[in-house]
Amino acid sequence: MVKRFLREAALFAGCAVLTGVVGLILLDRFIMPRLVRAGQRVEVPDIVNLTPEDAGRALSQRGLRLKLQPARWDTSIAEGRMVQQNPLAHSHVKINRTVYAVPSRGVRLYEVPDLREKSLRQAQLWIAQAGLAMGDTLEDASETVEEGLIISQDPRPGQQVQIGTPIAVTISNGPPGEMFPMPDLVGKTLENARVALEEAGLLVRDIRYEFSTQHLLNVVIRHVPVTGEDVKQGTRVRLVVSKL
């Protein structure tokens, strides 16, 4: 009976020792490294302007994870590359942390509306609604397009362009008439320029003022159409006049 008790005690002790040894091995090889790593802090790499594959690889090398957020438009970062990250680059975080990144959708493009045979006022409204800008307004004769309506435009209708792109239009000033060179108004006072236009059968389309240190007040700096360009009676002229 005593011998049996001693054998069982020895077996129990052996099992206990073995269990302790196994526990120490597990603690040393698996549990402690994880506990140590859980508190370890690493520097977040800069993943802006990287592809998702490169960003994921750079983060993985630091023991971090990548999670992509909804993409957004951006004018400086190519489509598909990272445009923003959180946490920021060079900050220090615990290992296994997730880094959230926003991919770029690239430059947002807008479709140029068809402005042909529309009035200038209509064109201005359409251009503003499309996120674009009004460019130069020229005039030309047309036998088919009613006076005051747009003959052509640049860029062309349907073209994809960036926000704020100026759209130049050419407006019909009626059927062709006798053409003559645009008189030179540069250097004339605004009053004298008006007189010269009236004598030539031309009209003032609008007047724009610009600061100038090279001209006296209310002197024509330039005009559209420019000097020597073919015009006809009734053509509207834009005057750019100096202000101090």
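Every number in this text was worked out from the coordinates using simple rules, so none of it is lab data. Everything quoted here is computed from the prediction, not taken from an experiment. Cβ placement follows ideal geometry from the backbone for every residue including glycine, while neighbour counts extend to all protein chains displayed.
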If packing is taken as the average count of other Cβ atoms within 10 Å, what order do 75-82, 204-211 fall into, highest mean first?
75-82, 204-211
Could you derive backbone 3J(HN,Hα) for the range 94-107 from the dihedral phi with the Karplus parameters 6.51, -1.76 and 1.60 (θ = phi - 60°), listing whole Hz in sequence and x where the residue is Gly or Pro?
6, 4, 6, 5, 8, 9, 8, 10, 10, x, 8, 8, x, 6
Given charges of +1 on the Cβ of Lys and Arg and -1 on the Cβ of Asp and Glu, with all other atoms neutral, how large is the dipole of the range 183-244 about its Cα centre, in debye to the nearest 20?
200 debye
How are the alpha carbon pair distances in the range 48-166 distributed across 10 Å bins from zero to the largest one, expressed in percent?
13, 30, 17, 14, 14, 9, 4, 0
At R0 = 45 Å, FRET efficiency that the Cβ-Cβ distance of L125 and L88 yields, to 0.05:
0.55
At 7 Å along the Cα-to-beta-carbon direction for both T227 and I207, put a label point, then send me their distance in nm to one decimal.
2.1 nm
If I model a spin label at A196 and L244 as a point 7 Å from the Cα along the Cα→Cβ vector, what separation in nanometres do I get?
2.2 nm
Farthest toward the dipole's positive end in the range 49-98, which of V93, M82, N49, given Cβ charges of +1 (Lys, Arg) and -1 (Asp, Glu) about the Cα centre?
V93
Check which residues have an amide H placed less than 5 Å from V241's amide H, if you skip close sequence neighbours.
R208, Y209, E210, I221
Taking the alpha-carbon distance from K188 and a cut-off under 19 Å, which lysines remain once sequence neighbours fewer than 8 residues away in the same chain are dropped?
K243
On a C-alpha basis, how far is the centre of the range 136-165 from the centre of the range 210-232 in Å? Whole number, if you could?
24 Å
If you take the charge dipole of the range 112-244 about its Cα centre, with +1 on Lys and Arg Cβ and -1 on Asp and Glu Cβ, which of G131, H223, I151 is farthest toward its positive end?
G131
Rounded to whole Hz and in sequence order, give me ³J(HN,Hα) for the range 45-54 from the Karplus expression 6.51 cos²θ - 1.76 cosθ + 1.60, θ = phi - 60°, writing x for Gly and Pro.
x, 7, 10, 5, 6, 9, 6, x, 5, 5
Given +1 on the Cβ of Lys and Arg, -1 on the Cβ of Asp and Glu, and no further charges, what dipole in debye does the range 40-126 carry about its Cα centre, rounded to the nearest 20?
360 debye
Amide H proximity to I167 below 5 Å, modelled H, separation 5+ or other chain, gives A133, M134, G135
For the range 40-186, size of Cβ-based charge dipole, Lys and Arg +1, Asp and Glu -1, in debye
1900 debye
Residues meeting the amide H criterion for K118 (H placed from the backbone, H to H distance under 5 Å, 5 or more places apart or on another chain) are I150
